[in-house]
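Novice: I'd like to ask some things about the structure below.
Nothing in this text is a laboratory measurement; each read-out follows from the coordinates by a stated rule. Since this is a predicted model, take the numbers as computed values, not measurements. With ideal geometry, Cβ positions are generated from the backbone for all residues, glycine too; neighbour counts draw on all protein chains shown.
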Amino acid sequence: MTDDTSEIREYYNREVEREHWRLERHPIERDITWSYLHAYLPPRGLILDVGAATGAYTIPLAKLGYYVTAVDFSESLLNMCLHRAREEGIDSRIACIVADARDLSAITRNDYDAALLMGPLYHLIREDDRLTAVREVYNRLKPGGVIVSASLSRYGIWADIMNKNPEILEDPTGAQMILDEGQDPMFTEWGRVFKAYFARVREIAPLHERAGFRTLVMAGAEPVGIIMNETYAGLPEKLRIRWLDLMLKISAEPSILGASTHILYIGKKPA
């Protein structure tokens, strides 16, 4: 039986603007993710963006010449994505489909060159649901197709929790549940119910490999910590680029992965 994610969908339907600007608040995650996308995506082709939201990756990828199928279970988020695509004059390169990551039956083609799974794994607290989402993507990639997914780290998330919900330690059972099971079904972000799953590094690659992928690389998308985003954003451009280069050099270091709030996984469907 699949988990009920209706509360999460309702959250995103309400918080369209907040989600739209999320990567502006997380510029380190944004810039490192884009660096890995540029390194591992094919130079052209079809991309499946599952968890596309308002198009943080969909819109720029389409502007680079890719054809993108944007999928999200929040109709409100996808409406903004489509609106942005029309404003940019690139809507002919983007198809928007409302669907759950665990059921992509509305997408009948299986020849995508690459796929992004940049949000759904955060919210699927059941392992079989996460595996289903990864398999759904696998089945729609061509042989040799690349997946880029993101997970929340069980041990790198605590600075964010301290910032948003420090009261969690008033009842230590909630914190212990995250440490033991990676789950806090009633995690409250900004006063709203927001179910989340926090993964251990050691489980991410095996999950994707069970679906059939061959692991290429894993990387910490915030290798110097989420609290450094404001400092990074305020640096002069040339100095910020140098810091980005440094963070990229250390991002795949095994000791860095679990300390990063977001963990990137990049794999390939065998040819």
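Novice: Just tell me which aspartates and glutamates come within less than 20 Å, Cα to Cα, of K142; anything on the same chain fewer than 8 places away is out.
Specialist: Of all the aspartates and glutamates, those that pass the test against K142 - Cα under 20 Å, at least 8 places apart if same chain - are D49, D103, D111, D113, E209.
Novice: Taking 8 Å as the Cα distance limit and 6 or more residues as the minimum spacing, I'd like the relative contact order of the chain as a percentage. Intermediate values should be presented prior to the final figure.
Specialist: On the way: 511 pairs, mean separation 57.2, N = 271.
Computed over the chain, the figure is 21 percent.
Novice: Let me ask something else about it. Could you tell me the relative contact order of region 127-271? Use alpha-carbon pairs under 8 Å, at least six residues apart, and round to a whole percent. Walk me through the numbers on the way to the answer.
Specialist: Details: 217 pairs, mean separation 57.4, N = 145.
In percent, rounded to a whole number, it is 40.
Novice: Is region 119-271 best put as rounded, prolate or oblate by its Cα gyration tensor, with a ≥ b ≥ c the root eigenvalues, rounded for a/c under 1.5, and otherwise prolate when a/b is larger than b/c, oblate when not? List each step's numbers first, then the result.
Specialist: On the way: a/c = 2.16, a/b = 1.10, b/c = 1.96.
Oblate.
Novice: Please turn the phi angles of region 38-45 into ³J(HN,Hα) values with the Karplus equation 6.51 cos²θ - 1.76 cosθ + 1.60 (θ = phi - 60°), one per residue in order, whole Hz, x for glycine and proline.
Specialist: My calculation for region 38-45 gives 4, 7, 10, 6, x, x, 7, x Hz in order.
Novice: Which lysines does K195 reach when only Cα atoms under 16 Å apart count, and residues fewer than 8 places away in its own chain are ignored?
Specialist: K164
Novice: Charges at C-beta only: +1 for Lys and Arg, -1 for Asp and Glu. How large is the resulting dipole of the chain about its Cα centre, in Debye rounded to 20? Write out the running numbers ahead of the final one.
Specialist: On the way: 32 positive and 39 negative charges, 242 e Å.
It comes to approximately 1160 debye.
Novice: To the nearest 20 debye, what charge dipole does region 60-194 have about its Cα centre, counting +1 at the Cβ of each Lys and Arg and -1 at the Cβ of each Asp and Glu?
Specialist: On the way: 14 positive and 21 negative charges, 141 e Å.
So the dipole magnitude of region 60-194 works out to roughly 680 debye.
Novice: For D103 and A271, calculate 0.36 nm times their separation in residues minus their Cα-Cα distance, and state this gained length in nm to one decimal. Please report the intermediate quantities before stating the final value.
Specialist: Details: separation 168, 0.36 × 168 = 60.48 nm, distance 2.41 nm.
Extra length available between D103 and A271 comes to 58.1 nm.
Novice: Also, quick follow-up: So if each residue of separation counts as 0.36 nm, and I subtract the Cα-Cα distance between R200 and D111, what length gain in nm does that give? All intermediate terms of the calculation are to be shown ahead of the outcome.
Specialist: Values: separation 89, 0.36 × 89 = 32.04 nm, distance 3.11 nm.
Extending this stretch completely gives an extra 28.9 nm.
Novice: Given the options I168, A133, Y197, identify the residue whose Cα lies farthest towards the positive end of the charge dipole of region 131-268 (+1 on Cβ of Lys, Arg; -1 on Cβ of Asp, Glu).
Specialist: Of I168, A133, Y197, it is A133.
Novice: Follow-up question, since we're still on this one. Report the gain in length on full extension from R22 to E75: 0.36 nm times residue separation, minus Cα-Cα distance, nm rounded to one decimal. Let's see the in-between values first.
Specialist: Values: separation 53, 0.36 × 53 = 19.08 nm, distance 1.78 nm.
Additional length available on full extension: 17.3 nm.
Novice: While we're on this one: When DSSP assigns beta bridges and you keep just the ones with both residues in the chain, what percent turn out antiparallel, to the nearest 5?
Specialist: Roughly 45 percent of the beta bridges in the chain run antiparallel, per DSSP.
Novice: On to the next question. In debye, nearest 20, what is the charge dipole magnitude of region 1-141 about its Cα centre with +1 on Lys and Arg Cβ and -1 on Asp and Glu Cβ, if you could check? Mind dumping the intermediate values first?
Specialist: Working: 17 positive and 24 negative charges, 98 e Å.
The dipole magnitude comes to about 460 debye.
Novice: How about K238: which lysines have a C-alpha closer than 23 Å to its C-alpha, ignoring those fewer than 8 places off in the same chain?
Specialist: K249
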